[in-house]
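Let me begin by presenting the structure, written as structure tokens, before commenting on it.
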């Protein structure tokens with residue numbers, strides 16, 4: 001059995017090997033907690049890095065950033081095999097360099113890095129209904145009713161737009177582009193989307209690619225917190241709670257509630 005970290009590397013000057021060893025040690029410990037076939041519930045791993053420019057190349061080399069498949073198959077998959085963790089054949093590995101690590105990801109001690117594990121559990125289908133009310137900005141409706149069975153609920157400027165991939169996108173919560181409301185001007189055609197997460201029983205909002213950078217697209221402020229949560233990644237969403245206010249673009253505000261009132 002391979003022990004990827006035989007000594008404490010914290011406090012040492014970072015180099016490629018130390019960074020790689022610490023990353024693999026952290027991933028190994030998280031994968032080891034999976035028992036009874038739980039590894040089959042993993043959809044993928046996502047590594048996030050917030051290294052400064054002077055160290056970015058070290059992290060890129062440590063994870064074979066130009067050959068991500070190599071880090072996946074030769075390093076992480078080997079850990080899974082060593083510990084007999086039955087990952088599905090379709091599991092994915094993604095990596096991103098960001099200005100700030102996502103709050104939802106697990107911070108890796110001693111590194112400017114974090115890990116997020118995407119899972120899919122076979123739970124009984126849950127049911128929920130919620131309401132999105134437009135507080136600022138002009139949408140096609142003042143209130144939208146959304147359901148757990150609605151699938152992906154797109155938010156953006158105009159109701160029908162052509163995406164970067166050439167396919168048409170339907171925005172279910174649409175802000176007309178010809179509106180005189182100033183807030184509408186800062187909403188992109190592919191701005192965000194909401195879907196219901198059956199595992200947690202929550203509606204979850206995500207920023208979408210396209211237009212302005214994701215970290216400037218969506219902010220969420222809860223009724224209990226004064227500091228809004230910024231969505232820094234298109235891969236990690238934010239679970240919506242009763243009374244949450246959602247800012248999209250510069251100033252359009254939506255409220256989230258399970259009550260029609």
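The values are calculated or read from the model by the stated rules, or taken from the named source; none is laboratory data. Remember, predicted model here, so these are calculated numbers, not experimental data. Cβ: placed from backbone, ideal geometry, glycine included. Neighbour counts: every protein chain shown.
Take the residues in the range 37-88 that are assigned to a loop (DSSP other than H, G, I, E, B) and within 13 Å of residue 27 (Cβ to Cβ), then tell me which one is modelled with the highest pLDDT. This residue is 63. Total residues in the range 218-261 satisfying the condition of being part of a loop (DSSP other than H, G, I, E, B) and either under 21 Å from residue 145 (Cβ atoms) or free of Cβ contacts under 8 Å to residues at least 24 places away in the same chain (or both): the figure is 17. Among the residues in the range 73-93, are any touching a residue at least 60 places away in the same chain (Cβ under 8 Å), closer than 17 Å to residue 23 by Cβ and within 22 Å of the chain's Cα centre (by Cα)? Taking every residue of the range 73-93 in turn, none turns out to be touching a residue at least 60 places away in the same chain (Cβ under 8 Å), closer than 17 Å to residue 23 by Cβ and within 22 Å of the chain's Cα centre (by Cα).
For the range 28-58, filtering for residues that are under 23 Å from residue 14 (Cβ atoms) and out of contact with any helix residue (DSSP H, G or I) (no Cβ under 6 Å at 6 or more places or on another chain) leaves 13.
Among the residues of the range 10-23, none qualifies, meaning not one is at pLDDT below 95, crowded, with 16+ Cβ neighbours inside 10 Å, outside the structural domain of residue 220 (by TED's automatic domain parsing) and under 21 Å from the mean Cα position of the chain (by Cα).
Within the range 146-163, the set of residues being outside any strand (DSSP E or B) and within 11 Å of residue 195 (Cβ to Cβ) comprises 148, 149, 150, 151, 152. Out of (1) farther than 27 Å from residue 242 by Cβ; (2) out of contact with any strand residue (DSSP E or B) (no Cβ under 6 Å at 6 or more places or on another chain); (3) in the same structural domain as residue 249 (by TED's automatic domain parsing); (4) surrounded by 14 or more Cβ atoms within 10 Å (Cβ to Cβ), the odd one out for residue 111 is which? Residue 111 satisfies all of (1) farther than 27 Å from residue 242 by Cβ; (2) out of contact with any strand residue (DSSP E or B) (no Cβ under 6 Å at 6 or more places or on another chain); (3) in the same structural domain as residue 249 (by TED's automatic domain parsing); (4) surrounded by 14 or more Cβ atoms within 10 Å (Cβ to Cβ) except (3).
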